[in-house]
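Report on one structure; see the data block that follows.
The values are calculated or read from the model by the stated rules, or taken from the named source; none is laboratory data. From a predicted model like this one, the values you see are computed outputs, not experimental measurements. Cβ placement follows ideal geometry from the backbone for every residue including glycine, while neighbour counts extend to all protein chains displayed.
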Amino acid sequence: MKPPSEIDSAVADNPVAGIDQSRGDFKYDVTYEFDAGTGLNENTVRYISQVKKEEPWLLEFRLKALQTFLEKPLPTHWATKDLENINFDKIRYYLASGQKPKRTWDEVPDDIKQTFERLGIPEQERKFLAGVEAQFDSEAAYSNIKEAVAKQGVIFVNSTEGLREHPEIFRKFFGKVIPTGDNKFSALNSAVFSGGSFIYVPPGVKVSHPLQAYFRINAENFGQFERTLIIADEGAEVVYMEGCTAPKFSTSTLHSAVVELVALKGAKIQYITVQNWANNVFNLVTKRGVAHEDAEIKWIDCNIGSRLTMKYPGVVLKGERARGEVLSIALANDGQHQDTGAKMIHAANHTTSNVIAKSISVGQGRSTYRGVVHIPKHLRGCKNNTECDALLINANSRTDTYPAISVRGDRNATQHEASVSKVSEDMIFYMQSRGLTEAQAMSLAVNGFINDLARQFPMEYSVELKRLIDLEMEGSVG
Amino acid sequence: MSKLEIKDFRVSIGDKPIVKGFNLTINSGEVHAIMGPNGTGKSTLAKAIAGHPDYAVTGGDVLLDGKSVLAMEPDERARAGLFLAFQYPSEIPGVSIANFLRAAVQARMAEGEELDATGYYKRLYSKMDLLKIDRKFTSRSVNEGFSGGEKKRCEILQMAMLEPKFALMDETDSGLDIDALRIVADGVNALRGGQLGIMLITHYQRLLDYIVPDFVHVMYDGRLVKSGDKSLALELEAKGYDWVKQELAAASA
């Protein structure tokens, strides 16, 4: 093991690990036991399936998905042409040091343990989490759930273990919310997926503290393809949070996850993401949940990092009175494009959905909102509320909004509000005349803009988000 | 004891000269009223002293305790002890007055030094009591949806908390009804004297019924043309600004 390439300050004071990309910009050289090599073909898929000792049906599933991926064109007819800069032949699709995650930090190999310690994860786990899974490149290095929570029958393992040890639950829901062919990147994930969480919460169990997953990319020219499946059985409740970091490489890195949520009758799932990848990462993620009768799914999605993010968390409101919510914050700085949004598919009477999206464009940064709200004609008593607000910091920042709302029939209600505002020179001067520097003034304006949304986040996250915005703004003023 | 010296100060907007050789010295504890007709450069003067980037200083100097402020950023001037009370204060959506002021107070502290939250709120509440401001006021977003009177009250509260050496009050009376005017004037009167020097810019005499200045100056065409005590304001009220213009015309004829 070599010392890290860059030393930064201690992370002990960092309350939420992984949110601050600058703290994640270091790298240890790790020897990988398993390496699928560079590029993608049938052999890559067979290799992954083989080292994971998978059942034949899954290899079949993967190979079919590979076919779908190869057949589907890049969605550049509506999405950015920057996607064409991903060189799928130069990416490494599977890198792992071992197959089975450790249950205690002591057992985790030193070089990997050190990475996570530096990111503050063991400390955070002790403080306020019910369980942690820490993924290093393709596989989880560590996975543990507090005994009290496990005793309630809650399952929290990585996807490989989930498949192996709980096939009866896993297979029933896997790939049902997001079919392989949903889009080119869900197909890619289905072909080469590895890692991610599998969670099952039994009927009536309310997990009192959040479960956290942490995704770390360590290798260059690497693709991380985790697959997460969360099932909350009838009346169950769970909060899941994910964080991520990667070192800054000059070459591009791909992160393409698929996340499926199933909230059965009366269940509640809250899924919180603070995405702060290094700005060489293409972050192309498909996230969707199905909410059954009286169930509730809430996505809280913050995108600060990456080069290009394309992500539109969705909820299929399948049972009567189901509720879906997306609260989204995106910050696009120089060289970044945050293409985010939400999908709300109403499929039962008296379902409600709420989307609040706020985006901030700084410098040459670009943010795009895409939303789909679908309420078919035969339904009644459905409600949707969509608000998207964009804040532009500089004259050359850019924002676009593409809402697609199809509401048929006259027994449903929808409202859509959009606004674009600019941080004016007068506003900055006003704050400066009170003694705040230009960067402090900008931070305050941005934090004010997202304040009503950030207040709905868990405390640790909103505090850290604010600090992160301060950092971004500091760098944006000349 | 502090001193604000404005010497032969010249300011342009684009190519157009607005302030054309303005001279005035203000000492701690003094209240100077600057009066004059619209478009004579009063607001430009105040904003240029505070460092607004749209105004180009083309000559002269502004010295705070002997030190020029002209090379300083607006925030440095503020931290050095200048305060501009805005005629039209900006709205800052989502930022409460309490948090805004807290950030401004924190900005005045040395790096690494942490604000004592309990002490801060104690001080904030005592200032609010002094200015007879309701406790709920500071949880509202800065100036967002405020009436004219509330905006001015917010400015006065900031002035009270930031304890500047010199306050430049730009048309503090504009857009106020008589009740709001009285509240603002009471606030200024509560803060005046002691270490605070005030430049009070106003178009009308009526504010001076409530804030009695130590000195009254008349600004016309970018410079001071007449100075006196509070009786000058009354004379202006009676005779109008045309009187000053005629006097000037006669003098230059």
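Here are the numbers for the structure shown:
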{"read-out": "Residue list for segment B:44-82, restricted to those being closer than 18 Å to residue B:198 by Cβ, part of a helix (DSSP H, G or I) and more than 13 Å from chain A (Cβ to nearest Cβ)", "value": "B:45"}
{"read-out": "Residue A:74 being within 24 Å of the chain's Cα centre (by Cα), among the aliphatic types (A, V, I, L, M) and in a loop (DSSP other than H, G, I, E, B)", "value": "yes"}
{"read-out": "Search result, residues across segment A:22-61 that are loosely packed, with under 14 Cβ neighbours inside 10 Å, modelled with pLDDT under 90 and either among the charged types (D, E, K, R) or within 30 Å of residue A:304 (Cβ to Cβ) (or both)", "value": "A:29, A:33"}
{"read-out": "Extreme residue, nearest to residue B:142 (Cα to Cα), among residues of segment A:393-430 that are hydrophobic (A, V, I, L, M, F, W, C) and facing chain B (nearest Cβ under 7 Å)", "value": "A:427"}
{"read-out": "Single match in B:208, B:176, B:181 (criterion: outside any helix (DSSP H, G or I) and either without any contact (Cβ under 8 Å) to a residue 60 or more places away in the chain or under 15 Å from the mean Cα position of the chain (by Cα) (or both))", "value": "B:176"}
{"read-out": "Options A:455, A:370: the member that is closer than 21 Å to residue A:276 by Cα and within 14 Å of chain B (Cβ to nearest Cβ)", "value": "A:455"}
{"read-out": "Meets criteria (touching a strand residue (DSSP E or B) at 6+ places or on another chain (Cβ under 9 Å) and at positive phi) for residue B:112", "value": "no"}
{"read-out": "Filter pass, residue A:442 being surrounded by fewer than 24 Cβ atoms within 10 Å (Cβ to Cβ), assigned to a helix (DSSP H, G or I) and either of a type in the set (Phe, Trp, Tyr) or within 13 Å of another protein chain (Cβ to nearest Cβ) (or both)", "value": "no"}
{"read-out": "Residue count for segment B:21-43, restricted to those that are free of Cβ contacts under 8 Å to residues at least 60 places away in the same chain and either within 14 Å of chain A (Cβ to nearest Cβ) or on the phi < 0 side of the Ramachandran plot (or both)", "value": "1"}
{"read-out": "Check on residue B:232, closer than 23 Å to residue B:20 by Cα and part of a helix (DSSP H, G or I)", "value": "yes"}
{"read-out": "Residue under evaluation residue A:195, criteria (1) at pLDDT 95 or above; (2) closer than 21 Å to residue A:271 by Cα; (3) not hydroxyl-bearing (Ser, Thr, Tyr), criterion not met", "value": "(1)"}
{"read-out": "Positions within segment B:171-190 being modelled with pLDDT of 90 or more and touching a strand residue (DSSP E or B) at 6+ places or on another chain (Cβ under 8 Å), in sequence order", "value": "B:188"}
{"read-out": "Residues (polar (S, T, N, Q), in a loop (DSSP other than H, G, I, E, B), under 30 Å from residue A:338 (Cα atoms) and touching a strand residue (DSSP E or B) at 6+ places or on another chain (Cβ under 9 Å)) located in segment A:77-115", "value": "A:80"}
{"read-out": "Failed item, numbered, when residue B:69 is tested on (1) among the aliphatic types (A, V, I, L, M); (2) in contact with an Asp or Glu (Cβ under 9 Å, 6 or more places away or on another chain); (3) buried (at least 23 other Cβ atoms within 10 Å of the Cβ)", "value": "(3)"}
